[in-house]
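**Q** Mind looking over this structure? Questions follow.
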Amino acid sequence: MTFSGAASNSRIELARAAQGIYSLLARIFGSLPTVRLVRSMREEQMLDSLAALGISFEADFLSVDEERLARELSREYTRLFTGPGTHIAAYESVYVRGEGETSPRLWGQATGEVAEFYRELGLEVPEGKTPDHLGLELEAMAVMTQAQADRLAAGDDAGAGRLAAMQERFCREHLLRWIPAVCRDVEQESDSSFYRSMASLAAGFVEMSCTGVISGNLPEEVA
Amino acid sequence: MRTISRRDFLRLGAASTAVLAVESQFRPLARAAELLEGGRSVNRTSGLPRSFLPSTCTQCPAGCGIIGYVEESRLVKIGGNTKHISNAGTLCARGQAGINALYDPDRLLKPLKRTGARGQDSWVEIEWEEALAEVAQRMAAARSNPQSLLFLTEDVERDPLGRRFTHAYGSPNAIGSAGIHDANKKVATSLTWGAAGDIPDVARCKYVLVFGANPLENNPNFVGMARRFVDGIQQNQSKVVVFDVRLSHTTTFSHELHYVAPGKMALVALAMANVIMQDGLYDRDFIERWTNVSPEQLAQHLAQYSPERAEAEAGVSALDIRRLAAEFASTKPATTITDSVLSGFSNGVQNERAVMLLSIITGNIDNRGGLCMPRQYGLDEPAPAPPQPGVSVFTNPENVAFPSQQAVAQVLRQAKDRQAEVRVLMTHSVNPLYSSPDEGLNEDVLRDENVIPFHVAITPYLNETAAFADIIMPETTYMEDWEIEVRPSLEQVPFVALRQPVVPPLESARSFFEIARDLASRIGGGMEQFFAFNSVSDYLKARISSVGGLANAGGLDYLKQHGIWFDPKSRPNYGSYEAGGFSTPSGRIEVFSPRLAERGFAPLPSYETVQAFRELGERELVLTIYETALHTDGKTGNCMWLNEIQHDNPALINPETAARLGIEDGDKIKLIRSSKSGEAKERSIETEAFLTEGVHPDVIAMANGVGHTGFGRIAQGEKFKKDEVRHRELRDANFQLVWWGDHGGTGVNAKRIVPIEMDPIGGGQAWGDMVVSVAKD
Ligand code: SF4
């Protein structure tokens, strides 16, 4: 993201906020929920700030004992993303068919390209993880926004600019090509208001952050 | 979601951060200590800056694109280059273990000169100056008969500098050892469609017949082919039917496995072709337009190969043959994969032609998903090109009808028989004493100073062959060296790739380029003009000068950055023959080969009986030496990681057979080469029996790649401490973990009892003609 119009303090703040949101989304779509996660997701501060964006949860998330909720959501996460049976393969290469690929596939062309991007960035994909998984791609954005904030804080505008350019490229070449579609699938398929709402947040947030809506010119208040 | 205001945004950001603060750590991506965007990276544990460079793997012939990761001049990891058209980022175990090849604890870093008798393993370290001066002086003196230079390398095609050096000297004798594995296939395909080799388009086919090949473990195009083979099964639901003598990894991915009696696969293929012709399932149009036979003529010839005959002789049921023939002919596109268990016999060329016939009569030739012709850039020889020095008994032996440069397994025997004089033997990173058949004889030849007066080995390692040298020049490994690499493309789009040093040469190791240039200038007499390159860059630039399009993309600099170049606009040109026909004398596919007829061989694809199998005695079995995914013949034996996984090779015997022979699992057994009259000494090996249904009852199978008797301590399973390694940069604490030497040993090189015998047409070694009698020890 570029924060060109804003004062430098505010640019740092915006980058840190973006990092927080990307990290949270990466956490939610990257691994199974825990009791602690559901507990803190139900904190007032979180619910309020989501409500301000028009995102809310239903009773299935709000009024169930947290231990049970964590178990139920774990089951839902597994059903949604792992199977057995029909499930959402949340990998870019499954959503985006590479040139010359007869059909979408795991470890396809996009996977290689994402791996290459991480390498350029200095990130390593731990063993056993697939580079173009939804959670990892969101995490990559978190890493880039965090580094951007750090550079801004250090007064390294050129470095921050390079990171903004990397984000822009990652958005264009990867996120925007498939995140909207996979989030739509989650919204359609999930029995849980938690995953439906988080998918809606992810789709909206990626789109805004990638198309530059969130910028230094972000309005103070929207009517 | 509503449009967001700055305040909402910051608030959600803060709330998210709060959530993450209470959540246990979540770091799916291991993050660099500091993010360094744009081509640099940092080790996540040590924090050291890391650089990486693309290059090419040469641990096997496939030539995959690799990325070498380097920290403080030390190679720490080899990864796959996602830009490479063949492997697209995938690597096999051997590729990753290239680090072990670079840092082999017994790697030579100083020139050695022999002090005792040949092969006695006593050496003195000398300076480069002395080594180069002595070799140059010997070679200059020998040059009154330039043909007396015998240059042995792994594969002449992949050693363009070696060939150039030999030709510049005036000798035609640049001989590759790779031909012992693939010459028959190359000759069969050349005779038939005018191009050496084939590329089955397995990713796009719907049906694959695998004849004696094992694409999931070992193949000339290994991981690229394996990847596409699996893609075909998963993406295309292609059906896979395997004919083999053993349950290979490939068969675990197949729908059917049919055991075939060794050496008799052609009977099955020809019976299938027969069914396709008799039942009218063939592609008449293709046969009439593009081959030099008529369907009627072919049907008549094939009538002798009934499914019933194949059942009786090869052991595949006639019913299955009919069914599979109909399936293959009616599923389009379909293809075949063939390899050494089909072609490594004295009837290998004919076997290959028999299987190729199936693709031809069904029109699956050079089409999407069919059997494609190899596409590869032919690079110009940098000017001035040395004149072609003609032929010799080594390049064109009398007992091979269609010798290719790589077809010669017998040069050392020829030297012994004094068919031509050898004054200087130069071996370049090749290990025939391990890889060639008949080790005993080869050893005797190399030991005999009357036959080989001078032997210089250019190699990073003291392997079995270098052990018989007079001088060893420590060459750089492939991780420290330059070359332009071309291979047949698995996507039918030709490419040019680069091998470049990912680390600087260790100590005083020198590249073959430097050694050859230095020797040429010292030998002189005109030879130096062919190596008058100012730098290796000049040489590389000259090599790629004829590749149109690459220069515009940035030439050598582009290759240094990306490791590979191909024309981004080019698309697979299937059906390339439609424009100008096939590169055979008739311009058609020569199903009937006038060239074979002329030399007195069966001109139509035929089954020839393997003499050796005529009568298998009571205790006799056919020895099959199979390749695994973990070793490349004679080459990777010093790689620690690979040896840890595969270090021995017990003999696989079918339990039924074992019961008949009174052998139990784990028994010590002896394999004795079935003697032929006049043989001087009995040759045998000892090993252990491993009983498994996964092998044909007439076969005893042993893995290749292990059983080294030289090649350093790792290859021989010796355990040692870090400080017992001479050169500091080769020290690795893990050397004490070499455990397998004390637990069952390091296997046996089964090739040492195999006699040198070739297919008389193609000159490929007849590995499979090997009958042994099995005795309990
Ligand atoms: S197949 Fe394996 S050994 Fe062969 S070139 Fe590729 S990575 Fe290297």
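The values are calculated or read from the model by the stated rules, or taken from the named source; none is laboratory data. Owing to the predicted nature of the structure, the values given are computational and were not obtained by experimental measurement. Cβ coordinates were reconstructed from backbone atoms using ideal geometry, including for glycine residues, and neighbour counts include every protein chain displayed. Remember, those area values only see protein heavy atoms, side chains included, never the ligands or the DNA or RNA. Shrake-Rupley method; radii C 1.70, N 1.55, O 1.52, S 1.80 Å.
**Q** Taking region B:465-476, which residues are farther than 15 Å from B:Met426 by Cβ and open to solvent by 10 Å² or more (accessible area, probe 1.4 Å)?
**A** Within region B:465-476, just B:Ala467 meets the criteria.
**Q** Which number in (1) open to solvent by 10 Å² or more (accessible area, probe 1.4 Å); (2) closer than 30 Å to B:Asn221 by Cβ; (3) in a strand (DSSP E or B) marks the one condition that B:Val124 misses?
**A** (2)
**Q** Can you tell me which of B:Pro384, B:Pro374, B:Pro389 is closer than 21 Å to B:Asn145 by Cβ and either open to solvent by 10 Å² or more (accessible area, probe 1.4 Å) or not assigned by TED's automatic domain parsing to the domain that holds B:Pro146 (or both)?
**A** The unique qualifying residue is B:Pro389.
**Q** Mind checking which helices (runs of 4 or more DSSP H) fall wholly inside region B:142-255 and carry at least 2 residues that are of a type outside the set (S, T, N, Q), farther than 22 Å from B:Phe531 by Cα and in contact (Cβ under 8 Å) with a residue 60 or more places away in the chain?
**A** Filter on region B:142-255 gives B:179-193, B:222-236.
**Q** Just need a number here: residues in region B:437-450 that are open to solvent by 10 Å² or more (accessible area, probe 1.4 Å) and either in a loop (DSSP other than H, G, I, E, B) or among the basic types (Lys, Arg) (or both).
**A** Matching residues across region B:437-450 total 5.
**Q** Would you check if there is a residue in region B:511-529 being hydroxyl-bearing (Ser, Thr, Tyr), buried (at least 19 other Cβ atoms within 10 Å of the Cβ) and in a helix (DSSP H, G or I)?
**A** The answer is no; no qualifying residue exists.
**Q** Quick check on region B:255-270. Is at least one of its residues out of contact with any Cys (no Cβ under 9 Å at 6 or more places or on another chain), aromatic (Phe, Trp, Tyr), closer than 25 Å to B:Ala703 by Cβ and not assigned by TED's automatic domain parsing to the domain that holds B:Gly705?
**A** Yes; the residues of region B:255-270 include at least one that is out of contact with any Cys (no Cβ under 9 Å at 6 or more places or on another chain), aromatic (Phe, Trp, Tyr), closer than 25 Å to B:Ala703 by Cβ and not assigned by TED's automatic domain parsing to the domain that holds B:Gly705.
**Q** List the helices (runs of 4 or more DSSP H) inside region A:47-162, counting only whole elements, that have at least 2 residues being of a type in the set (Asp, Glu) and closer than 22 Å to A:Trp178 by Cβ.
**A** The helices (runs of 4 or more DSSP H) meeting that bar are A:109-121, A:134-153.
**Q** Okay, next question. Quick check: anything in region B:85-108 β-branched (Val, Ile, Thr), buried (at least 24 other Cβ atoms within 10 Å of the Cβ) and within 14 Å of chain A (Cβ to nearest Cβ)?
**A** no
**Q** Restricted to region A:36-76, and to residues that are within 14 Å of chain B (Cβ to nearest Cβ) and of a type in the set (Ser, Thr, Tyr), which residue is surrounded by the fewest Cβ atoms within 10 Å (Cβ to Cβ)?
**A** So the residue we want is A:Ser56.
**Q** Name every residue in region B:77-112 that is touching a helix residue (DSSP H, G or I) at 6+ places or on another chain (Cβ under 8 Å), outside any loop (DSSP other than H, G, I, E, B) and either away from the ligand (no atom under 13 Å from the Cβ) or assigned by TED's automatic domain parsing to the domain that holds B:Thr477 (or both), in order of residue number.
**A** B:Lys77, B:Leu102
**Q** Then there's this: Within 15 Å of the ligand (Cβ to nearest atom) and surrounded by 18 or more Cβ atoms within 10 Å (Cβ to Cβ): does that describe B:Ala168?
**A** Taking the combined requirement at face value, the residue does not satisfy it.
**Q** Sticking with this structure for a sec: Please enumerate the residues belonging to region B:51-61 that are open to solvent by less than 30 Å² (accessible area, probe 1.4 Å) and away from the ligand (no atom under 13 Å from the Cβ).
**A** B:Pro54
**Q** So, in region B:62-76, of the ones that are more than 7 Å from the ligand (Cβ to nearest atom) and open to solvent by 10 Å² or more (accessible area, probe 1.4 Å), which residue ends up nearest to the other protein chains (Cβ to nearest Cβ)?
**A** Ranking the candidates gives B:Tyr69 first.
**Q** While we're on this one: Would you check which residues across region A:17-32 are open to solvent by 30 Å² or more (accessible area, probe 1.4 Å) and either over 30 Å from A:Gly128 (Cβ atoms) or more than 8 Å from chain B (Cβ to nearest Cβ) (or both) and list them?
**A** Listed by number, the list holds a single entry, A:Leu32.
**Q** Residue check: is B:Val316 outside any helix (DSSP H, G or I) and either more than 17 Å from B:Leu371 (Cα to Cα) or among the small types (Gly, Ala, Ser) (or both)?
**A** Yes; evaluated as a whole, the condition is true for this residue.
**Q** I would also like to ask the following. Please find, among A:Leu163, A:Leu134, the residue that is within 21 Å of the chain's Cα centre (by Cα), open to solvent by less than 10 Å² (accessible area, probe 1.4 Å) and more than 10 Å from every other protein chain (Cβ to nearest Cβ).
**A** A:Leu134
**Q** Taking the criterion of being within 14 Å of chain B (Cβ to nearest Cβ), out of contact with any strand residue (DSSP E or B) (no Cβ under 7 Å at 6 or more places or on another chain) and open to solvent by 80 Å² or more (accessible area, probe 1.4 Å), would at least one residue in region A:82-97 satisfy it?
**A** The answer is yes; a qualifying residue exists.
**Q** Out of (1) outside any helix (DSSP H, G or I); (2) under 30 Å from B:Glu71 (Cβ atoms), what's the single condition that is false for B:Phe735?
**A** That leaves (1) as the condition not met.
**Q** Could you check how many residues of region B:278-313 are free of Cβ contacts under 8 Å to residues at least 40 places away in the same chain, crowded, with 18+ Cβ neighbours inside 10 Å and assigned to a loop (DSSP other than H, G, I, E, B)?
**A** Total meeting the criteria: 1.
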